[in-house]
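The values are calculated or read from the model by the stated rules, or taken from the named source; none is laboratory data. What you see is a predicted model; the values in this text were computed from it and never measured. Heads up, the Cβs are rebuilt from the backbone with ideal geometry, glycines too, and the neighbour counts pull from every protein chain shown. Surface accessibility is based on the protein's heavy atoms, side chains included, excluding ligands, DNA and RNA. Shrake-Rupley method; radii C 1.70, N 1.55, O 1.52, S 1.80 Å.
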Amino acid sequence: MNYNISKEPIVIQEVIDKVVSRNAGAVTTFIGTVREMTKGKKTLFLIYEAYVPMANKKLEQIGAEIKERWPDAETAITHRVGKLEITDIAVVIAVSTPHRNDAYEANRYAIERIKEIVPIWKKEHWEDGETWVGNQLETVPYPSGKPEEGDIDD
Amino acid sequence: MINVLLFAQLKDELGKETVSIEGNGMSVAQLKGKMKVDFQLEGLETVMTAVNEEFADDDTILSDGDTVAFIPPVSGG
């Protein structure tokens, strides 16, 4: 299983091991971690929640999109759910490709797509309250009720 | 019956994560309207909808046994 939602802490090496390939000349890893300060506001901890079966499908879709664009790429993604403390790992993305440039680009593509189409939400707990964070891309969220064709396919 | 799943702020607003709604033959838009009236649930206009785990338009017609998930703007990563 290259695409997972995990209630347990993510073991980075296990994600990397899934994309090891004799064809690969490069493996890039993206490690998303919980940040303490956001625009001057102090986060105490986060709660991540997912619609797990659909989140798994959408992570697989991202893997398929990467395969279309970079046919030699191997991708693995694990996203954490539950309560995360500052510096904890929220997501690990590993991509291997024959050459380094593709590995960087495909990995970047994966994290941007996660922020668009994967049903995972984070609730920020601050010193003075809590809020579900949405609309990180700072665009109008889907006026037609779902992502536009370009959002899903591109 | 339609099985409706709620997440994030919608779940907090309603106080539960699933409800069953009599909605055979309704469109997604009609279901949103009914949820708004029956539960005073606000903000459904700006959320995405998934029917049976795939993104769906507001004019998608629902059948008994469908699972509808309302998906607020996502914030993974």
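Quick one: is A:ILE66 among the hydrophobic types (A, V, I, L, M, F, W, C), away from chain B (no Cβ under 14 Å) and over 15 Å from the mean Cα position of the chain (by Cα)?
So A:ILE66 fails the test.
Do we have any residue at all in the range A:95-115 that's part of a strand (DSSP E or B), more than 10 Å from the chain's Cα centre (by Cα), of a type in the set (Gly, Ala, Ser) and farther than 16 Å from A:VAL15 by Cα?
No, the range A:95-115 contains no residue that is part of a strand (DSSP E or B), more than 10 Å from the chain's Cα centre (by Cα), of a type in the set (Gly, Ala, Ser) and farther than 16 Å from A:VAL15 by Cα.
Among the residues of the range B:51-63, count how many are assigned to a loop (DSSP other than H, G, I, E, B), more than 7 Å from chain A (Cβ to nearest Cβ), open to solvent by 10 Å² or more (accessible area, probe 1.4 Å) and touching a strand residue (DSSP E or B) at 6+ places or on another chain (Cβ under 7 Å).
3
Taking the range B:27-50, which residues are over 27 Å from A:VAL92 (Cα atoms), in contact (Cβ under 8 Å) with a residue 24 or more places away in the chain and either open to solvent by less than 40 Å² (accessible area, probe 1.4 Å) or outside any loop (DSSP other than H, G, I, E, B) (or both)?
Hits for the range B:27-50 are B:SER27, B:VAL28, B:ALA29, B:LEU31, B:LYS32, B:MET35, B:PHE39, B:LEU41, B:GLY43, B:LEU44, B:THR46.
Give me the pairs: first residue in the range A:62-79 and at pLDDT 95 or above, second residue open to solvent by less than 10 Å² (accessible area, probe 1.4 Å) and among the basic types (Lys, Arg), beta-carbon distance under 6 Å, and six or more apart or on different chains, which are they?
Once the first residue is at pLDDT 95 or above and sits in the range A:62-79, its partners that are open to solvent by less than 10 Å² (accessible area, probe 1.4 Å) and among the basic types (Lys, Arg) give A:ILE62/A:ARG113.
Where residues in the range B:8-26 are of a type in the set (A, V, I, L, M) and surrounded by fewer than 18 Cβ atoms within 10 Å (Cβ to Cβ), which of them is nearest to A:ILE47 (Cα to Cα)?
B:LEU14
Specify which of the listed residues (A:THR29, A:THR43) is within 12 Å of A:TRP126 (Cβ to Cβ) and hydroxyl-bearing (Ser, Thr, Tyr).
Just a single option satisfies the conditions, and that option is A:THR43.
Considering only residues of the range B:64-77 that are on the phi < 0 side of the Ramachandran plot and part of a loop (DSSP other than H, G, I, E, B), which is surrounded by the fewest Cβ atoms within 10 Å (Cβ to Cβ)?
Applying the filter and picking the extreme gives B:ASP64.
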